[in-house]
1. What full-extension length gain, to one decimal in nm, is calculated for Arg28 and Val63 as 0.36 nm per residue of separation minus the Cα-Cα distance?
2. Using Cα pairs closer than 8 Å and at least 6 residues apart in sequence, work out the relative contact order for the chain, in percent.
3. Give me a comma-separated list of calculated 3J(HN,Hα) values for the stretch 47-57, in order, Karplus coefficients 6.51, -1.76, 1.60 applied at θ = phi - 60°, integers in Hz, x for any Gly or Pro.
4. Given only helices, namely DSSP H runs of n ≥ 4 each adding -39500 (n - 2.57), what is the per-residue ellipticity at 222 nm of the chain, to the nearest 500 deg cm²/dmol?
5. Starting from the Cα gyration tensor of the stretch 6-67, take the square roots of the eigenvalues, sort them a ≥ b ≥ c, and report rounded, prolate or oblate (rounded when a/c is under 1.5, otherwise prolate if a/b is larger than b/c, else oblate).
6. Can you tally the net charge around Ala18? Count Lys and Arg as +1, Asp and Glu as -1, for every other residue whose Cβ sits under 14 Å from the Cβ of Ala18.
Amino acid sequence: MTVDRGRCMGSGICAALAGSFFTLEGDRSRPVSGETAPDETVLDAADSCPAGAITVTEDGRVVGPRD
Ligand code: SF4
């Protein structure tokens, strides 16, 4: 999972929804860990990001945000 810090607007929604996966650093989010399995919590956060800044991949395929 990646966070595009250029797109992130620091809303903090991802950290509120999935605090073990995202943390705010300054006024932008970053993943807590580089390698994160695309579980439901992470996918929900990606779906909820108002900036579309979170991309979740699995085996090189983009699986989130979902449509
Ligand atoms: S939800 Fe999106 S815009 Fe908000 S802090 Fe997380 S990555 Fe940034």
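1. Going from the current span to full extension adds 10.4 nm.
2. 35 percent.
3. Residue by residue, the stretch 47-57 yields 5, 8, 5, x, 9, x, 8, 9, 10, 10, 10 Hz.
4. It lands at -5000 deg cm²/dmol.
5. The shape class here is prolate.
6. Taking every other residue near Ala18 into account, the sum is -3.
Read-outs: derived from the displayed coordinates by stated rules, not from any lab. Since we're looking at a predicted model, the values are computed, not measured. We place every Cβ from the backbone using ideal geometry, glycine too, and count neighbours over all the protein chains shown.
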